[in-house]
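Novice: Here's a structure for you.
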Amino acid sequence: MTLDLLAMAAHPDDVEQTCGGTLIKAAEAGYRTGVLDLTEGEMGTRGSVEQRRREAEAAARHLLLEWRGNMKLPDARLENTLAARLSLAVKIRELKPRVVILPYWQARHPDHYRAAELGYEACFLAGLKKFDEYSEPHRPFQILYSSLYMDVKPSFVVDITAQFERRMQALLGYRSQYGAAASGQEIFPEEREIRERLGAIARFYGNLIGVRYGEPFVMKETMRVEDVLALGVRSL
Ligand SMILES: [Zn+2]
């Protein structure tokens, strides 16, 4: 199995919130897309591992993914260990994604910024010829950071207006997390609140590029432009 685009994140349901629309859009354009969750979210207040596994599989269908896997690293105490880096690098060599999406490197939740660091270092290791003798070296051409939950200026925003509803369905499929269950209601907002909140965030980023809904990304490199007369965003 090889992929064009691979998103990595700490917990099942992370990518659905941060870059699901972009994944759907890429799949609709004919690219082979995948998601690698690093943990099974077993420390979450609500839902069993088995339930979240089924929900992640259902979400994968909404996201039109070719592939979804889980590294089963420890949730809520994700560490950038040598063992974790090596097993992730092996997976990257196997999947050979051209572009990788990671969480932004700063976050409130330690798992999220560790996932960014771990993902970056694994991508680097995966490109080393002498890493192992059983697999071909592969270093992704581009690493993008999904910055939706960070107050930083994005390098670019993807128009997900046409994909927004499908992304919402993928996220709301995590009934264990977003259903109106009897326990933990004070922590987990119900469906209407989720719709409003994610709608408002996507509207904010969409507004930056003159469309209805958008998803923001940061890249460390500078984008190259060939034709300054064909830029898509109008000046204010
Ligand atoms: Zn998370």
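Novice: Across the chain, how many lysine pairs, 8 or more apart or on two chains, come within less than 21 Å at their alpha-carbon atoms?
Specialist: Within the chain, the lysine pair count is 9.
Novice: Next up: Please return the longest stretch of the chain lacking exposed loop sites, where GluC sites (Glu not before Pro) count only if DSSP places them in a loop and at most 14 other Cβ atoms lie within 10 Å. Show your work: numbers first, answer last.
Specialist: Numbers: sites that count: E42, E79, E133, E186, E190, E221, E226.
Excluding the exposed sites themselves, the longest stretch runs over 80-132.
Novice: Can you tell me the FRET efficiency between R53 and I209 if r is taken as the Cβ-Cβ distance and R0 is 30 Å, rounded to the nearest 0.05?
Specialist: On the way: r = 36 Å, r/R0 = 1.19.
Computed FRET efficiency for R53 and I209: 0.25.
Novice: Output the direction-averaged projected area (hull surface divided by four) of the convex hull of the alpha-carbon atoms of the stretch 1-108, in nm².
Specialist: Working: hull surface 27.1 nm².
The Cα convex hull of the stretch 1-108, projected and averaged over all directions, gives 6.8 nm².
Novice: So which trypsin sites (Lys or Arg not before Pro) in the stretch 56-145 end up in coil per DSSP with only 16 or fewer other C-beta atoms within 10 Å? Please report the intermediate quantities before stating the final value.
Specialist: Details: sites: R61, R68, K72, R77, R85, K91, R93, R98, R108, R114, K129, K130; in loops: R77, R98, R108.
Here the sparse-neighbourhood loop sites are R77, R98, R108.
Novice: While we're here: Carbon and sulfur: what percent of the chain's accessible surface (1.4 Å probe)?
Specialist: Details: 6580 of 12640 Å².
That share works out to 52 percent.
Novice: Then there is this: Once the convex hull of the alpha carbons of the stretch 132-236 is built, what does its volume come to per residue, in cubic angstrom?
Specialist: Values: hull volume 20.6 nm³, N = 105.
Spread over its residues, the Cα hull of the stretch 132-236 gives 197 Å³ apiece.
Novice: Continuing with the same structure: Solvent-accessible area per residue for the chain at a 1.4 Å probe radius, Å²? Don't jump to the answer; show the numbers that get you there.
Specialist: Values: 12640 Å² over 236 residues.
Result: 54 Å² of accessible area for each residue.
Novice: Let me ask something additional. Only loop residues by DSSP count here, and only those with at most 15 other Cβ atoms within 10 Å; note down the trypsin sites (Lys or Arg not before Pro) in the stretch 133-183 that meet that. Show your work: numbers first, answer last.
Specialist: Working: sites: R166, R167, R175; in loops: none.
Those that pass, being in a loop and sparsely packed, number zero.
Novice: In addition: Could you grab the Rg to Rh ratio for the chain? Cα atoms only, Kirkwood for Rh. Don't skip to the answer; put the middle values down first.
Specialist: Values: Rg = 17.6 Å, Rh = 18.3 Å.
So for the chain, dividing Rg by the Kirkwood Rh gives 0.96.
Novice: Taking N as the number of residues in the stretch 186-236, what is its alpha-carbon radius of gyration divided by 2.2 N^0.38 Å?
Specialist: Relative to the 2.2 N^0.38 Å estimate, the stretch 186-236 comes out at 1.61.
Novice: Another question, then. Any idea how far the Cα center of the stretch 98-119 sits from the one of the stretch 148-176, in Å?
Specialist: Each part reduced to its Cα centre gives a spacing of 16 Å.
Novice: With r defined as the distance between the Cβ atoms of F156 and E117 and R0 fixed at 22 Å, what FRET efficiency is calculated, to the nearest 0.05?
Specialist: The formula returns an efficiency of 0.45 here.
Novice: So, one more: What's the longest piece of the chain with no exposed chymotrypsin sites (Phe, Trp or Tyr not before Pro), counting a site as exposed if DSSP puts it in a loop and it has at most 11 other beta carbons within 10 Å?
Specialist: Working: sites that count: Y134, F141.
Of all site-free stretches, the longest is 1-133.
Novice: What ratio of Cα Rg to 2.2 N^0.38 Å holds for the stretch 122-171? Please report the intermediate quantities before stating the final value.
Specialist: On the way: Rg = 17.0 Å, N = 50, 2.2 N^0.38 = 9.7 Å.
In units of the 2.2 N^0.38 Å rule of thumb, it is 1.75.
Novice: Helices from the chain with mean Kyte-Doolittle at least -0.5 and a Cα length along the axis of 15 Å or more, per DSSP H: which?
Specialist: On the way: long enough: 49-62 (20 Å, -1.70); 82-95 (20 Å, 0.86); 110-126 (24 Å, -0.16); 191-208 (26 Å, -0.62).
Span-like helices, by this rule, are 82-95, 110-126.
The values are calculated or read from the model by the stated rules, or taken from the named source; none is laboratory data. Note that the coordinates shown come from a computational prediction; the quantities given were computed from them, not determined experimentally. Note that we place each Cβ from the backbone using ideal geometry, even for glycine, and neighbour counts take in every protein chain shown. Ligands, DNA and RNA are excluded from the accessible area calculation, which covers all protein heavy atoms including side chains. Shrake-Rupley method; radii C 1.70, N 1.55, O 1.52, S 1.80 Å.
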